[in-house]
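First up is the structure itself, then whatever we jot down about it.
Just so it is clear, none of the values below were taken in a lab; they were calculated from the coordinates. It should be emphasised that the depicted structure is a prediction, and the values quoted were computed from it without experimental measurement. FYI the Cβ positions are ideal-geometry reconstructions off the backbone, even for glycines, and counts take in every protein chain you see.
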Amino acid sequence: MRTQVVIIGAGPAGLTLGRLLERAGIDAVILERRSADYVLGRIRAGVLEQSSVELLDEIGVGERMRKEGIPHDGVELSFDGDMLRIDFQDLIGRKVMIYGQTEVTKDLMDARAASGAVTIYKAGDVSLHDFGGASPKVRYVKDGVSREIACDFIAGCDGSHGVSRSSVPEDAVQTFERVYPFGWLGVLVDKPPVADELIYAHHQRGFALCSMRSHTRSRYYVQVDAGEKVEAWPDGRFWDELRARLNPDVAERLQTGPSIEKSIAPLRSLVAEPLRFGRLFLAGDAAHIVPPTGAKGLNMAFHDVRILAEALIEHYAEKSDAGIDAYSSRVLARTWKTERFSWWMTSLLHTFPETGPFGRRIQRAEFDYLASSRAAQESLAENYTGLPG
């Protein structure tokens, strides 16, 4: 088989890149090592920046999002029960959309299936070859048969543990990483959200987040030590701990029920540099990881693949490699700004026992400054709703 672009990974990043290229008349095959059902079963964040919403509309997959998504004009922050609302609309005239990543993925899958574009699921033993030259190849095994795709370019959209980044020679890429000593214990429950907007709460017992997937399904999180096990957290213990970390009025409104999904997500930051290796490009989680505190992972992936699509379209339509040559530096410039914001949100809202009482007082001072400064609130709003780039 031959195609113009092979995309490794059928998550939102790969599917969105495929959609952008397809609409520009560029042939692309997507390879995914998992089944479609497995990909759809992943539980991920659901906060879309305004630019992400606009991108999904632009590529023709925004109709259901517009009907079922929940626009938010702001978020609420809490520190030991004291509440502060950040009004995005008033501050900078922007908003975000609550729409689960699973739903985004389904919309993209349905659009790709309807168009007849090729996606190969359950592709085993994927390997990347000759991407340093002009004729890269991707090999894989499907139904027990070894196969090969010749292509012009390879887009690695297969996550931090995928084959794309690991195929790059160690001396050609540098990674910057921070692993946090805690994770998020998350519970999904079929109960209405406790509030109309997300609540990010700092408490001396640890961080908590009140989020949602719809008007009838909620997602809640509490900070736990990195070594915690889900089995140690029956529903009753989780709800008690969540209530203890929330403003008393919010805790009183909380509707609880049996969890329909429960998991612990570790928190870490990671950036790979550079993001281009000959004719191989890294995008999304293959390029960078952020803590979920700022709701940035999916939005960063959308930004990456938009820039990559523009570069590839320029290559084929204008015979220019200017966009390709600038891809890595352009994406990384925005990536580090977004990493900074996610680090700042994480530092403000979580407990860090090693910093002691002084560290907590600094966090309190940061919260109080935010509450008293419109400029600081504008900065938060600008970063949360999405930086230009």
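Count the DSSP beta bridges whose two residues both fall in the chain, then state the antiparallel fraction as a percent rounded to the nearest 5. Intermediate results must be reported in sequence, preceding the final value.
Working: 54 of 72 bridges.
Looking only at bridges with both residues in the chain, the antiparallel portion is about 75 percent.
Please give me the summed charge of the neighbours of Gly81: other residues whose Cβ is under 13 Å from its Cβ, Lys and Arg +1, Asp and Glu -1. Provide the component values of the computation, followed by the final result.
Numbers: positive: Arg205, Arg243, Arg245, Arg364; negative: Glu76, Asp80, Asp82, Asp249, Glu252.
With Lys, Arg at +1 and Asp, Glu at -1, the net is -1.
Given the pairs Lys122/Lys337; Lys122/Lys319; Lys95/Lys337; Lys95/Lys296; Lys122/Lys191; Lys191/Lys262, which are separated by over 25 angstrom at their Cα positions?
Exceeds cut-off: Lys122/Lys337; Lys122/Lys319; Lys122/Lys191.
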- prompt: In whole Å, what is the distance between the alpha-carbon centres of segment 124-191 and segment 223-281?
  reply: 25 Å
- prompt: What helices does the chain hold that run 15 Å or longer along their axis, going by alpha-carbon atoms, with a Kyte-Doolittle average of 0.0 or more, using DSSP H for the helix calls?
  reply: 12-23, 297-318
message: Let me check I've understood the local charge: for Ser160, count other residues with C-beta under 11 angstrom from its C-beta, Lys and Arg +1, Asp and Glu -1. What total comes out?
response: -1
message: Tell me the relative contact order for the chain as a rounded percent, counting alpha carbon contacts under 8 Å between residues six or more apart.
response: 20 percent
message: Among 98-104, 315-321, 125-131, 362-368, how do they line up by average Cβ neighbours within 10 Å per residue, starting with the highest?
response: 98-104, 125-131, 362-368, 315-321
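At a 10 angstrom cut-off on C-beta neighbours, averaged per residue, how do the peptides 34-43, 172-181 rank from highest to lowest? Walk me through the numbers on the way to the answer.
Numbers: 34-43: 14.3, 172-181: 12.7.
Result, highest mean Cβ count within 10 Å first: 34-43, 172-181.
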field: segment 27-97: relative contact order as a whole-number percent, Cα under 8 Å and 6+ apart
entry: 32 percent
- request: Grab the DSSP H runs of the chain that are 4 residues or longer, score each as -39,500 (n - 2.57), total them, divide by all residues and round the 222 nm result to the nearest 500 deg cm²/dmol.
  value: -12000 deg cm²/dmol
